[in-house]
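Below is the structure I would like to discuss, written out as structure tokens.
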Amino acid sequence: MPTKRRSKGAYMISAVAEMYDIHPQTLRLYEREGLLKPSRTEGNTRLYTDEDLERLEFILNLARDLGVNISGIAIILQMRERMEEMNRQMQSFVDYVRTEMLQHIQQGFSAANDAAMVPLRKAVVIDPAPARERKR
């Protein structure tokens, strides 16, 4: 679904309903079901951010284009959030490993690593030809 936003900012429920051709009660239902969480002004007016609108577009794509019901949308959103969190954790782990490896490379091998290495006294040559072929 193409983006229907004109500029950055926060949008009131009536503007969002008009932009996406949905009833304001639908937006209220999505909020009640925990699918959307718009911020509120001091006067308790809902304000939808660009991030809220991106999420709404995803919800509407699931509902309109794929026929997913509200319970299914909730499950998909939860799974999506879990996957994003796992992705953040994996990226953090990869960054940690990369940093540790770079530090190890920059420091060179420590004395403990050097002591653990055993030098070869005799060169080992492995003939890639199978034993049968050598006998012929």
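Please specify each residue of the range 66-107 satisfying the condition of being part of a helix (DSSP H, G or I), of a type in the set (Gly, Ala, Ser) and either under 30 Å from GLU33 (Cα atoms) or touching a residue at least 40 places away in the same chain (Cβ under 8 Å) (or both).
SER71, GLY72, ALA74
Another question about this same structure. Determine which single condition MET101 fails, assuming it passes every other condition in (1) on the phi < 0 side of the Ramachandran plot; (2) modelled with pLDDT of 95 or more.
Of (1) on the phi < 0 side of the Ramachandran plot; (2) modelled with pLDDT of 95 or more, only one is false for MET101: (2).
Which residue, of THR49, THR45, is surrounded by 10 or more Cβ atoms within 10 Å (Cβ to Cβ) and modelled with pLDDT under 95?
Going through THR49, THR45 in turn, the sole match is THR45.
Do you know which residues across the range 21-61 are part of a helix (DSSP H, G or I), in contact with a Pro (Cβ under 7 Å, 6 or more places away or on another chain) and within 17 Å of GLY9 (Cα to Cα)?
Selection gives ASP52 alone.
The values are calculated or read from the model by the stated rules, or taken from the named source; none is laboratory data. Note that the structure is a prediction, hence the values are computed from the model and not measured. So basically every Cβ, Gly included, is an ideal-geometry build from the backbone, and we count neighbours across all protein chains shown.
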